[in-house]
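Structure, as structure tokens:
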């Protein structure tokens with residue numbers, strides 16, 4: 001895919017002069033201090049956690065942990081090349097903010113978005129992975145999975161960035177997950193019960209990724225037409241003249257929309273790397289990260305009561321005389337097959353009671369013996385996933401009271417296992433910001449110059465970013481991953497069409513080609529890497 005040339009647009013020379021300016025000594029010092037402070041904070045808390053979680057017998061686990069974390073942060077760094085750059089393109093090309101000020105401003109709101117995120121999107125992504133690989137993430141095949149996902153995603157993102165194509169990090173990561181899932185299934189002996197891709201769960205993610213750019217295009221198109229019909233201010237529909245900033249209220253609107261997209265990007269896209277980092281931490285330091293140690297004595301008592309209620313609801317559907325010799329294994333098999341059998345309900349009931357006993361005996365999650373933390377977490381994870389599938393598939397048919405009791409139990413299980421420490425959020429936000437500072441120009445130029453044939457107007461920039469911000473934040477509320485890149489770039493394309501400006505079809509073709517190829521290309525890369533890495537770690 002060759003980089004699309006700018007065939008008709010004449011961008012003011014002033015924009016390119018601004019793009020080529022350095023951030024200045026003071027700006028570099030401030031950014032450097034922020035990086036040192038932020039990563040210092042993350043490193044200090046990681047070191048403290050490692051010290052409290054016991055010492056490894058050799059240096060190898062420390063090395064593996066360090067490499068894995070750097071690779072995960074590298075994914076977010078490259079993510080910053082693509083997605084955060086989209087948020088600043090409109091304010092730069094309308095002269096609303098100087099480029100480096102825009103990048104810093106966007107980075108700050110990415111940080112706020114990441115820090116205030118719930119983590120739900122992170123665990124939606126994780127739930128696409130084969131269940132047995134999640135349960136053994138601290139072992140060879142689990143590490144092979146994590147490294148395959150991250151390295152393939154980084155390789156594809158770097159390739160599309162090099163050609164200045166606004167490709168989707170979300171598509172890339174989901175494609176990598178599909179590749180690992182398929183490879184895991186194909187590499188396993190027949191009849192081994194190994195799972196591949198949860199296509200039902202992946203379908204919801206596919207729909208979000210597919211529909212969001214169409215929504216961005218259509219709504220931005222309609223919003224610009226609506227603005228033209230309702231707001232009769234000629235200056236709003238003109239391209240910038242020279243390098244003068246727009247009128248104050250237009251400038252404020254564009255900065256506000258940039259802020260919304262940046263915040264939305266942080267709260268949604270920033271979570272994807274978080275989930276993988278948590279898998280790495282759970283696998284290498286389970287005594288600290290397998291369970292949420294913030295769940296104390298008072299909450300444990302509530303957890304025990306809720307567990308008993310859920311066990312009672314499940315007991316109502318247990319077939320008399322049916323037993324489960326290994327509840328976790330039986331539920332893991334259900335998660336793979338999605339087929340409810342009499343033993344499935346017995347296993348769910350027995351595991352709920354076993355989890356309750358483990359937690360109440362210890363009085364708090366932190367007090368559970370170190371050698372049992374990973375086992376208890378795996379029990380909780382499998383139980384929670386099984387209950388999620390019960391509710392999704394409507395089998396068994398719980399009544400309203402039972403449904404409420406089981407939903408409440410699932411919330412408590414999620415609180416115990418699906419948490420993200422603040423230092424992880426800080427590290428991810430800084431990696432995103434650093435990636436934006438290093439690689440923002442290529443994608444900014446594509447969005448600002450090479451989608452439409454005319455220069456971006458103030459109204460077009462505002463319309464595209466309003467729609468992008470609303471779409472991303474709404475998706476975040478429904479725990480769905482979407483592509484900031486595709487929503488924003490398709491929104492710009494929609495406004496160009498609504499404005500009668502015309503589209504540069506070479507760029508649109510290349511963006512569409514990247515969109516179509518990303519999933520299969522990332523899947524092939526990750527599947528190949530997973531196979532290669534498994535040759536070294538399988539034994």
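The values are calculated or read from the model by the stated rules, or taken from the named source; none is laboratory data. All figures in this text were calculated on a predicted structure; none of them were measured in a lab. Here the Cβ positions follow ideal geometry from the backbone for every residue, glycine too, while neighbour counts run over all protein chains shown.
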Worksheet entry | Meets criteria (in contact with a helix residue (DSSP H, G or I) (Cβ under 7 Å, 6 or more places away or on another chain), surrounded by fewer than 23 Cβ atoms within 10 Å (Cβ to Cβ) and farther than 11 Å from residue 168 by Cα) for residue 513 | no
Worksheet item: Restricting attention to the range 259-267, does a residue exist that is more than 23 Å from residue 114 (Cα to Cα) and in a helix (DSSP H, G or I)?
Response: no
Worksheet item: Which residues, taken from the range 171-200, are modelled with pLDDT under 75 and surrounded by 15 or more Cβ atoms within 10 Å (Cβ to Cβ)?
Response: 188, 194, 195, 196, 197, 198
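Residue-wise test of (1) at pLDDT below 85; (2) surrounded by fewer than 21 Cβ atoms within 10 Å (Cβ to Cβ); (3) in contact with a strand residue (DSSP E or B) (Cβ under 6 Å, 6 or more places away or on another chain); (4) part of a helix (DSSP H, G or I).
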residue: 277; (1), (2), (3), (4): no, no, no, yes
residue: 314; (1), (2), (3), (4): no, no, no, yes
residue: 324; (1), (2), (3), (4): no, yes, no, no
residue: 349; (1), (2), (3), (4): no, no, no, yes
residue: 357; (1), (2), (3), (4): no, yes, no, yes
residue: 365; (1), (2), (3), (4): no, no, no, no
Worksheet item: What residue, of 423, 440, is over 30 Å from residue 334 (Cα atoms), in contact with a helix residue (DSSP H, G or I) (Cβ under 6 Å, 6 or more places away or on another chain) and at pLDDT 90 or above?
Response: 423
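Results for (1) at pLDDT 85 or above; (2) assigned to a helix (DSSP H, G or I); (3) assigned by TED's automatic domain parsing to the domain that holds residue 408; (4) more than 23 Å from the chain's Cα centre (by Cα), shown as yes or no for each residue.
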position	(1), (2), (3), (4)
272	no, yes, no, no
298	no, yes, yes, yes
302	yes, yes, yes, yes
318	yes, no, yes, yes
321	yes, no, yes, yes
328	yes, yes, yes, yes
331	yes, yes, yes, yes
334	yes, yes, yes, yes
339	yes, no, yes, yes
Practice prompt. Kindly check whether there is at least one residue in the range 216-233 that is closer than 25 Å to residue 502 by Cβ and within 17 Å of the chain's Cα centre (by Cα).
Written response: no
Worksheet, complete the sentence: residue 84 meets each of (1) at pLDDT below 80; (2) farther than 30 Å from residue 492 by Cβ; (3) surrounded by 19 or more Cβ atoms within 10 Å (Cβ to Cβ) with one exception, condition (2)
Worksheet, complete the sentence: Note on the range 410-421: residues in a helix (DSSP H, G or I) and under 21 Å from residue 366 (Cβ atoms) are 411, 412, 413, 414, 415, 416, 417
Worksheet item: Before we move on, is residue 256 without any contact (Cβ under 8 Å) to a residue 12 or more places away in the chain and under 30 Å from residue 75 (Cβ atoms)?
Response: yes
Worksheet item: In this structure, does residue 8 turn out to be modelled with pLDDT under 80, at negative phi, out of contact with any strand residue (DSSP E or B) (no Cβ under 7 Å at 6 or more places or on another chain) and not in a helix (DSSP H, G or I)?
Response: yes
Practice prompt. Looking for whichever is in a helix (DSSP H, G or I), at pLDDT below 90 and not assigned by TED's automatic domain parsing to the domain that holds residue 123 here; the options are 397, 391. Which one fits?
Written response: 391
